[in-house]
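Q: Right, I'll just put the structure down here and ask away after.
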Amino acid sequence: MNKISTGELLDRTGSLLLGSLSSDRRFAMSAFSDWRSTETLDASDSRARRIMPVLADLLRSQAPDHPDLVLMRGVSRFVWTTNLLKFRLLLQAIRALESESIRPLLLKGAALYARFPGLERKRASGDCDILLKPSDVVRGGAALRRAGFDMSGHSWDDLAGPLIASYTAGLPIKMADRIGEVDLHWRPLWNIDDPALTELFFRQAEQKTLHGQAVLVPCREHHLFSSIARCEPWNANELFTRLTEGAELLREETASIDWDDVHRLIKRYGVDAAAEAYLKTIADHAGLKLPSAALSGLQVSKSYQSEWRIRRTPPDRRTAWQCWRLTVMDARFRRTMRPISPPGLLEASLRRAMPSPLVLQLLWQLARRRVILTAGDDTLRFLEGFSSPETDGVWTDGYWALLQVSEKRIELGCVEFDCVAFSPNKRRQYVWYSGGQGVGWSRFSGPKRLTFRVRSLPEIGGGGLLLFWLPRAASPKRLNVSADERQLALFIRKERNPKTLNA
Amino acid sequence: MNLVFELASPQCSAEEFDGEIVAINLDSGIYYSMKGMASLIWTALCDGHAVENILSALPSDTDIRQDVLSYIQELERNGLIRQTAAGALPKAELSSGFAALGPVDRPTLESFGDMQSLLLLDPVHEVDEGIGWPNLPEGCVGLDSGGI
């Protein structure tokens, strides 16, 4: 069996900071000293800030005259206060939901603080995360809105639309004059879209108390699994946060964890490689002794390793081939309930070549065979290559996008969209499209109205398909426009009023 | 005067940091700081000592009874403590802390109301090195803080 090299999971800073959390104080002090020998507090990143109260405690016990202690003097107060004020917002959200008899489940850090109250003075929280059952989202959203919460980037009405079924797993909400945000989730993990997992989390949830408020948290096995499965090795900050979360959980609860339960979920969703790398990193760097059962059952095959290696590449730098590999792995382990199956090898290979009109038509033929569900009453279904729906429309994300038009529109023979091209610095977008009746193309920057002809697909129960090739898609981050890492090309606004071809 | 108080949880939470008591009223979002005598009285109250016992444990050569009573009233008025019907702890357990305090200061409750602004401060670099966050360095204009 091949093994992942876990030494590469964290960079030097991450390794030493995780080592500073070790229960072995001498080991922890040594790791801290190594970190400080090359980095200053002035230059410390968010990872060090997140655990600084623990570093301050370490210095108080091991080096009480250390000059850093002077600078760290108020950090513990700051962290505790900030956490509490964030909990204040969280508790308001929970009470608003309970007024509608909806009990949310706390996720990530919020669940950890409810499980271990002493942590709230040791670990800086990000925003607080809560999970609702999808069937409660619309009613819960209305209750939160009545309580004075706002949603940025979306409107509350979007909760009743295609957003819940999209790749988006949750949205931040906030309240004027309140510190922090609450992330409202309808799936426990952004990268796994399986209603059965949400049901399982709620069914086996534990009850805890957070500042007098009874709350639900995932059982320890589900909490550990979600920290592992959420782990994205390309993102150093997120990775470190998930590792410290797991380290805290395992430090207190290792003996109580049912590893068979954890492994059942790991195998169900095929995250063995992530689990092995994650658990070994915690054991090696945070000085935790894990039982042999923690690692012995994991089967890390070459395909798992391949996926893990791809996930170390930032999303905006992944090749089309790598994206295809990830899609195939998602489908293999049924991580998502998508209305379309992943592209086959031929389709993936054709996409890598420079497409000609003939190839585009062939790609359209191949894509239409993959459609599992048809659009039904939905006017448009964004099948593949789109980002999360926004209030006004949706961005394409990547070089290829597939969109399905409902039967009602097909009867009219054509569909029109108002589009906006992603065109910073006068960058022009080239949009090639295939609707089954040939291939067209357009070149534009800024807003434009595009008209497409579509053809019905009776053999799959109706529904028209539009395939877009967007060779000039680019991420705003790489163009130094913003930190957005999506590969943007085209923003499709809500569909215009339908017209007939002859109108 | 034989009143007994307790922490007004859950709307109030408090922690001790290097001898300083920090309390937050989660209803109002206001941050409170208590040091020295104020912190000792707070701890004694939350441990379950009666007000009368606290007053009688004060060093005999000082006259801050009225200040202590005002301070306790301020704590209650700000929603940090509330009266309880629970029995008081024995007086004998109380005196040592007050005796060790040395010169007696008048208990004060310091509050910080504009938390939004205070939390924007870098807790490592933009604060008083001697006291730490949320205290600004000497010479800086305060945001919205002051003793009550």
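Q: State whether the residues of the stretch A:112-124 include one that is at pLDDT 90 or above, within 30 Å of residue A:337 (Cα to Cα) and either surrounded by 19 or more Cβ atoms within 10 Å (Cβ to Cβ) or basic (Lys, Arg) (or both).
A: For the stretch A:112-124, residues at pLDDT 90 or above, within 30 Å of residue A:337 (Cα to Cα) and either surrounded by 19 or more Cβ atoms within 10 Å (Cβ to Cβ) or basic (Lys, Arg) (or both): present.
Q: Please enumerate the residues belonging to the stretch B:29-65 that are without any contact (Cβ under 8 Å) to a residue 60 or more places away in the chain, polar (S, T, N, Q) and within 20 Å of residue B:78 (Cα to Cα).
A: B:39, B:43
Q: If only one of A:227, A:155 is out of contact with any strand residue (DSSP E or B) (no Cβ under 9 Å at 6 or more places or on another chain) and crowded, with 21+ Cβ neighbours inside 10 Å, which one is it?
A: A:227
Q: Regarding the stretch A:487-497, can at least one residue be identified that is at pLDDT below 80, surrounded by 15 or more Cβ atoms within 10 Å (Cβ to Cβ), of a type in the set (Lys, Arg) and over 26 Å from the mean Cα position of the chain (by Cα)?
A: no
Q: What's the total number of residues in the stretch B:129-138 that are facing chain A (nearest Cβ under 8 Å) and among the charged types (D, E, K, R)?
A: So the count comes out to 1.
Table: residues versus (1) surrounded by 21 or more Cβ atoms within 10 Å (Cβ to Cβ); (2) in a helix (DSSP H, G or I); (3) in contact with a strand residue (DSSP E or B) (Cβ under 9 Å, 6 or more places away or on another chain); (4) of a type outside the set (D, E, K, R).
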{"position": "A:64", "(1), (2), (3), (4)": "no, no, no, yes"}
{"position": "A:69", "(1), (2), (3), (4)": "no, yes, no, yes"}
{"position": "A:79", "(1), (2), (3), (4)": "yes, yes, no, yes"}
{"position": "A:82", "(1), (2), (3), (4)": "no, yes, no, yes"}
{"position": "A:87", "(1), (2), (3), (4)": "yes, yes, yes, yes"}
{"position": "A:90", "(1), (2), (3), (4)": "yes, yes, yes, yes"}
{"position": "A:93", "(1), (2), (3), (4)": "yes, yes, yes, yes"}
{"position": "A:101", "(1), (2), (3), (4)": "no, no, no, yes"}
{"position": "A:110", "(1), (2), (3), (4)": "yes, yes, yes, yes"}
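Q: Restricting to the stretch A:62-87, give me the number of residues that are at the interface with chain B (Cβ under 7 Å from one of its Cβ atoms), touching a residue at least 24 places away in the same chain (Cβ under 8 Å) and more than 22 Å from residue A:241 (Cα to Cα).
A: 1
Q: Is it the case that some residue within the stretch B:84-92 is touching a Cys at 6+ places or on another chain (Cβ under 9 Å), modelled with pLDDT of 90 or more and either within 23 Å of residue A:79 (Cβ to Cβ) or assigned to a loop (DSSP other than H, G, I, E, B) (or both)?
A: Checking the stretch B:84-92: not a single residue is touching a Cys at 6+ places or on another chain (Cβ under 9 Å), modelled with pLDDT of 90 or more and either within 23 Å of residue A:79 (Cβ to Cβ) or assigned to a loop (DSSP other than H, G, I, E, B) (or both).
Q: Got a sec? Which of A:28, A:93, A:48 is hydrophobic (A, V, I, L, M, F, W, C), within 14 Å of chain B (Cβ to nearest Cβ) and under 30 Å from residue A:273 (Cβ atoms)?
A: Matching residue, one of A:28, A:93, A:48: A:48.
Q: Can you tell me which residue among B:21, B:64, B:54, B:72 is surrounded by 15 or more Cβ atoms within 10 Å (Cβ to Cβ) and in contact with a Ser or Thr (Cβ under 6 Å, 6 or more places away or on another chain)?
A: Answer to the selection: B:21.
Q: Restricting to the stretch A:138-150, name every residue that is touching a strand residue (DSSP E or B) at 6+ places or on another chain (Cβ under 8 Å) and surrounded by 19 or more Cβ atoms within 10 Å (Cβ to Cβ).
A: Once the filter is applied, which keeps residues that are touching a strand residue (DSSP E or B) at 6+ places or on another chain (Cβ under 8 Å) and surrounded by 19 or more Cβ atoms within 10 Å (Cβ to Cβ), the stretch A:138-150 yields A:140, A:141, A:144, A:149.
Q: Moving to a separate point now. What number of residues in the stretch A:347-362 are touching a residue at least 24 places away in the same chain (Cβ under 8 Å) and more than 16 Å from residue A:430 (Cβ to Cβ)?
A: 3
Q: If I go through the stretch A:250-279 residue by residue, how many of them are within 23 Å of the chain's Cα centre (by Cα) and not hydrophobic (A, V, I, L, M, F, W, C)?
A: Qualifying residue count for the region: 9.
Q: Another question, if that's okay. Does residue A:232 fit the bill of being under 24 Å from residue A:309 (Cα atoms) and either modelled with pLDDT under 95 or part of a helix (DSSP H, G or I) (or both)?
A: Taking the combined requirement at face value, the residue satisfies it.
Q: List every residue pair whose Cβ atoms sit under 6 Å apart, with the two residues 6 or more apart in sequence or on different chains, where the first one lies in the stretch A:315-329 and is among the basic types (Lys, Arg) and the second, anywhere, is at pLDDT below 85 and surrounded by 18 or more Cβ atoms within 10 Å (Cβ to Cβ).
A: Matching pairs, first to second residue: none at all.
The values are calculated or read from the model by the stated rules, or taken from the named source; none is laboratory data. This structure is a prediction, so every number in the text was calculated from the model and none was measured. Counting neighbours? That spans all protein chains shown, and the Cβs are built from the backbone with ideal geometry, glycine included.
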